[in-house]
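The values are calculated or read from the model by the stated rules, or taken from the named source; none is laboratory data. This is a predicted model, so every value here is computed, not measured. Cβ sites come from the backbone with ideal geometry, for glycine too, and all protein chains shown count toward neighbours.
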């Protein structure tokens, strides 16, 4: 009788576990990345809700197993073993920063489990191996797109560059500078700052003397809001060009005296898009989580949607089959401008230039020239 | 000139945060790391009351009182029990408390940064190319007034005398009729209230309140009290301004060669090598 009961439980258990497809997600919910982590989590949850309410994948529902990596590479590695060996997920989405994502990528590669990084920028992540994909735009592409925006669209000849001194800022600025020089512009001023810097007045006063046509400033939204506020304070009215680090409603909210207006950024989320999935995403996100969507949420949403398509293409929820199907994913129904993966498993995405007007993001132009947006040119 | 204004504002903030820390260290000889958590609490309460009442000064007042009481709570429920233990015990408790506080704020107020947009309607002051924003003006005035009141309190009232006596020697002060318990509570209240003031001013100045905003102040204010000579109020005030000027001048002169925090610690290490007791050790020890 006892044995029968055990068997019964086993049958019921396996029936339940067969009814869902387990997908893992790691995001920073504590530590320095806690705010981006929450946006990433919400983006992923929204995608899973969308998929499950639209018939699931191959008739099954997706079960999202979500974990907090504490913005800590060690924790991300522990979670990688847990998700693959204990939870038996078929694939994993990273909604985390470069540090944890890079550390975890080599583990997923070794355990032969596909991982898609949503927005981490470090170039080495995808070099971990053929199981590792990236949805986010590489810093090299984004810097290059920024240079085209500055020189070709805005006609800049003299450019000042502010560089946030970490992976993200340095690699962006490097790509920007080399492309801008190639396009015939001159870099007239350059300064580095640390991520925690809050007072840019001294540097901005120096910058002002060089009379640049535009300012290319790398940074996250909390640096950027200080840069634009203090620039206006000091009477610097040149256009400031930013990138996806600025892409948060908080950039506008944290800037004083509407100083964010007039800033132009290169990013992935086109708020004025006519695509139904984008409209649905922007509306539902705000309704459900009480705040406007940002780039992090959009990219994590897309990572989940790409995974869903790969499972459909594979025809079964199997790690090896998903890995083989991922390079074939393409199409239009993504929230960001994702088109396809390159042979080095980097995303080809349209770069959207947004301008801030009346305290909200609007489309300025879309850069879709393959020679600019294809990674590893 | 612009740099002097910026340094004065930065120094004011350092001083407001550090005075409370110095008071506590002076009396209990505890490194009160959780003070930075109290500072964050002040900012969040100020923002909350500002949203509720729409009146900045009322919100400031309410937050200062409540944060002051929270400070007394920290003393009564955490430090008081372990005063007899080795000094490492309250230090460890303090660090733990700080971490718990930050996570608590995250759970209550979400991890997102929140704007603290207040306009005082006096506008920015522009003089021959120098800009002093209205927020900077408010910070300078409020700091000046609070420091003046602190000076008066410490030197011209019985309470101030009691605090100074406790800082000299708690046991002797007790036998001489000072209500030690009450004096310590008052010190915690004052220190925490000043931290709340600093938290709110920084929140408005940077238009930014978030759970981990105490992280940098938690070790920066430490630098200030070490420089100031462990428990000397005048020392802390001077050290706060010296640190702010050093940072600002270095940045103006050389750009961001080093992150500000690294500069602060370099200054601290240099001073400690030359003068291990800090710049302004209390004379009577």
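Being more than 10 Å from chain A (Cβ to nearest Cβ) and either in contact with a strand residue (DSSP E or B) (Cβ under 8 Å, 6 or more places away or on another chain) or part of a helix (DSSP H, G or I) (or both) is the filter here; which residues of the range B:108-131 pass it?
Within the range B:108-131, B:108, B:109, B:125 meet the criteria.
So residue B:241 fits all but one of (1) farther than 25 Å from residue B:61 by Cβ; (2) in a helix (DSSP H, G or I); (3) at pLDDT below 90; (4) away from chain A (no Cβ under 14 Å); what number is the exception?
Checking residue B:241 against (1) farther than 25 Å from residue B:61 by Cβ; (2) in a helix (DSSP H, G or I); (3) at pLDDT below 90; (4) away from chain A (no Cβ under 14 Å), the one that fails is (3).
Taking the conditions exactly as written (within 14 Å of chain A (Cβ to nearest Cβ), surrounded by fewer than 24 Cβ atoms within 10 Å (Cβ to Cβ) and closer than 30 Å to residue A:291 by Cβ), does residue B:100 satisfy them or not?
Working: within 14 Å of chain A (Cβ to nearest Cβ): yes; surrounded by fewer than 24 Cβ atoms within 10 Å (Cβ to Cβ): yes; closer than 30 Å to residue A:291 by Cβ: yes.
Here the answer is yes, as residue B:100 does meet what is asked.
Looking at (1) within 13 Å of chain A (Cβ to nearest Cβ); (2) crowded, with 19+ Cβ neighbours inside 10 Å; (3) assigned to a helix (DSSP H, G or I); (4) at pLDDT below 85, which one does residue B:268 not meet, given that it meets all the others?
That leaves (1) as the condition not met.
If the requirement is being farther than 30 Å from residue B:117 by Cβ and either buried (at least 23 other Cβ atoms within 10 Å of the Cβ) or in contact with a strand residue (DSSP E or B) (Cβ under 9 Å, 6 or more places away or on another chain) (or both), which of these qualifies: B:239, B:262? It would help to see each step written out before you state the result.
Details: B:262 fails: either buried (at least 23 other Cβ atoms within 10 Å of the Cβ) or in contact with a strand residue (DSSP E or B) (Cβ under 9 Å, 6 or more places away or on another chain) (or both).
Result: B:239 is the single residue among B:239, B:262 that is farther than 30 Å from residue B:117 by Cβ and either buried (at least 23 other Cβ atoms within 10 Å of the Cβ) or in contact with a strand residue (DSSP E or B) (Cβ under 9 Å, 6 or more places away or on another chain) (or both).
Out of (1) buried (at least 18 other Cβ atoms within 10 Å of the Cβ); (2) away from every other protein chain (no Cβ under 11 Å); (3) not in a helix (DSSP H, G or I), what's the single condition that is false for residue A:228?
For residue A:228, the exception is condition (3).
Can you pull out the residues in the range A:250-272 that are within 14 Å of chain B (Cβ to nearest Cβ) and surrounded by fewer than 18 Cβ atoms within 10 Å (Cβ to Cβ)?
Of the range A:250-272, the ones within 14 Å of chain B (Cβ to nearest Cβ) are A:250-260.
A:257, A:258 - these are the residues of the range A:250-272 that are within 14 Å of chain B (Cβ to nearest Cβ) and surrounded by fewer than 18 Cβ atoms within 10 Å (Cβ to Cβ).
Can you tell me which residue within the range A:231-249, out of those that are away from chain B (no Cβ under 13 Å) and within 18 Å of the chain's Cα centre (by Cα), is surrounded by the fewest Cβ atoms within 10 Å (Cβ to Cβ)?
Let us first name the residues in the range A:231-249 that are away from chain B (no Cβ under 13 Å), namely A:237-247.
Narrowing the set further to residues that are within 18 Å of the chain's Cα centre (by Cα) leaves A:242-247.
On the way: A:242: 30, A:243: 29, A:244: 30, A:245: 24, A:246: 33, A:247: 28.
The qualifying residue surrounded by the fewest Cβ atoms within 10 Å (Cβ to Cβ) is A:245.
Answer yes or no as to whether residue B:62 is touching a residue at least 60 places away in the same chain (Cβ under 8 Å) and crowded, with 18+ Cβ neighbours inside 10 Å.
Numbers: touching a residue at least 60 places away in the same chain (Cβ under 8 Å): no; crowded, with 18+ Cβ neighbours inside 10 Å: yes.
The answer is no for residue B:62.
Condition check: outside any helix (DSSP H, G or I) and under 30 Å from residue B:115 (Cα atoms). Does residue B:212 satisfy that?
On the way: outside any helix (DSSP H, G or I): yes; under 30 Å from residue B:115 (Cα atoms): yes.
So residue B:212 fits the description; yes.
Just to check your reading of the model, which residue among A:92, A:84 is assigned to a strand (DSSP E or B) and buried (at least 21 other Cβ atoms within 10 Å of the Cβ)? If you could, list the steps in order and put the result at the bottom.
Working: A:84 fails: assigned to a strand (DSSP E or B).
Step by step, each of A:92, A:84 is checked, and only A:92 is assigned to a strand (DSSP E or B) and buried (at least 21 other Cβ atoms within 10 Å of the Cβ).
If the requirement is being over 27 Å from residue A:143 (Cβ atoms) and more than 14 Å from chain B (Cβ to nearest Cβ), which of these qualifies: A:339, A:275, A:309?
Numbers: A:339 fails: over 27 Å from residue A:143 (Cβ atoms); A:275 fails: over 27 Å from residue A:143 (Cβ atoms).
Sole residue among the options that is over 27 Å from residue A:143 (Cβ atoms) and more than 14 Å from chain B (Cβ to nearest Cβ): A:309.
When the residues of the range A:332-349 are filtered to those that are part of a loop (DSSP other than H, G, I, E, B) and in contact with a helix residue (DSSP H, G or I) (Cβ under 7 Å, 6 or more places away or on another chain), which remaining residue is modelled with the lowest pLDDT?
Let us first name the residues in the range A:332-349 that are part of a loop (DSSP other than H, G, I, E, B), namely A:332-335, A:337, A:342-346.
After this cut, where a residue has to be in contact with a helix residue (DSSP H, G or I) (Cβ under 7 Å, 6 or more places away or on another chain) as well, the list is A:333-335, A:344-346.
Numbers: A:333: 80, A:334: 92, A:335: 93, A:344: 92, A:345: 94, A:346: 94.
My answer is A:333.
What number goes with the only condition from (1) within 25 Å of residue A:254 (Cβ to Cβ); (2) more than 10 Å from every other protein chain (Cβ to nearest Cβ); (3) in contact with a helix residue (DSSP H, G or I) (Cβ under 6 Å, 6 or more places away or on another chain); (4) part of a helix (DSSP H, G or I) that residue A:219 does not pass?
Among (1) within 25 Å of residue A:254 (Cβ to Cβ); (2) more than 10 Å from every other protein chain (Cβ to nearest Cβ); (3) in contact with a helix residue (DSSP H, G or I) (Cβ under 6 Å, 6 or more places away or on another chain); (4) part of a helix (DSSP H, G or I), residue A:219 violates only (4).
Restricting to the range B:132-164, count the residues that are within 14 Å of chain A (Cβ to nearest Cβ) and assigned to a helix (DSSP H, G or I). Break it down stepwise before answering.
To start, the set of residues in the range B:132-164 that are within 14 Å of chain A (Cβ to nearest Cβ) comprises B:132-139.
Narrowing the set further to residues that are assigned to a helix (DSSP H, G or I) leaves B:134-139.
Total satisfying the criteria: 6.
Tell me, please, whether a residue that is closer than 27 Å to residue B:60 by Cα, modelled with pLDDT of 85 or more, surrounded by fewer than 18 Cβ atoms within 10 Å (Cβ to Cβ) and more than 10 Å from chain A (Cβ to nearest Cβ) can be found in the range B:182-205. Explain how you work it out, then say what you get.
Filtering the range B:182-205 for residues closer than 27 Å to residue B:60 by Cα gives B:182-205.
After this cut, where a residue has to be modelled with pLDDT of 85 or more as well, the list is B:182-205.
With the extra rule that they be surrounded by fewer than 18 Cβ atoms within 10 Å (Cβ to Cβ), the set shrinks to B:182.
Cutting the leftovers down to more than 10 Å from chain A (Cβ to nearest Cβ) gives us B:182.
So far as the range B:182-205 goes, yes, one or more of its residues are closer than 27 Å to residue B:60 by Cα, modelled with pLDDT of 85 or more, surrounded by fewer than 18 Cβ atoms within 10 Å (Cβ to Cβ) and more than 10 Å from chain A (Cβ to nearest Cβ).
Exactly one of (1) under 26 Å from residue A:313 (Cβ atoms); (2) within 18 Å of the chain's Cα centre (by Cα); (3) part of a loop (DSSP other than H, G, I, E, B) is unmet by residue A:71. Its number?
For residue A:71, the failing item is (1).
Is one or more of the residues making up the range A:280-287 buried (at least 24 other Cβ atoms within 10 Å of the Cβ), in the same structural domain as residue A:83 (by TED's automatic domain parsing) and either more than 24 Å from residue A:151 (Cα to Cα) or under 19 Å from the mean Cα position of the chain (by Cα) (or both)?
Scanning the range A:280-287, I find at least one residue that is buried (at least 24 other Cβ atoms within 10 Å of the Cβ), in the same structural domain as residue A:83 (by TED's automatic domain parsing) and either more than 24 Å from residue A:151 (Cα to Cα) or under 19 Å from the mean Cα position of the chain (by Cα) (or both), so the answer is yes.
Go through (1) within 30 Å of residue B:1 (Cβ to Cβ); (2) not in a helix (DSSP H, G or I) for residue B:201 and report which single condition fails.
Residue B:201 satisfies all of (1) within 30 Å of residue B:1 (Cβ to Cβ); (2) not in a helix (DSSP H, G or I) except (2).
Checking residue A:252 against (1) within 17 Å of the chain's Cα centre (by Cα); (2) more than 28 Å from residue A:157 (Cβ to Cβ), which test does it fail?
(1)
If I ask for residues that are part of a helix (DSSP H, G or I), surrounded by 23 or more Cβ atoms within 10 Å (Cβ to Cβ) and away from every other protein chain (no Cβ under 14 Å), which ones from the range A:174-216 would you list?
Within the range A:174-216, A:176, A:180 meet the criteria.
Could you say which residue among B:44, B:56, B:78, B:49 is more than 25 Å from residue B:113 (Cβ to Cβ), at pLDDT 90 or above, more than 14 Å from chain A (Cβ to nearest Cβ) and in contact with a helix residue (DSSP H, G or I) (Cβ under 8 Å, 6 or more places away or on another chain)? I'd like the intermediate steps shown before the answer.
Details: B:44 fails: more than 25 Å from residue B:113 (Cβ to Cβ); B:56 fails: more than 25 Å from residue B:113 (Cβ to Cβ); B:49 fails: more than 25 Å from residue B:113 (Cβ to Cβ).
Answer to the selection: B:78.
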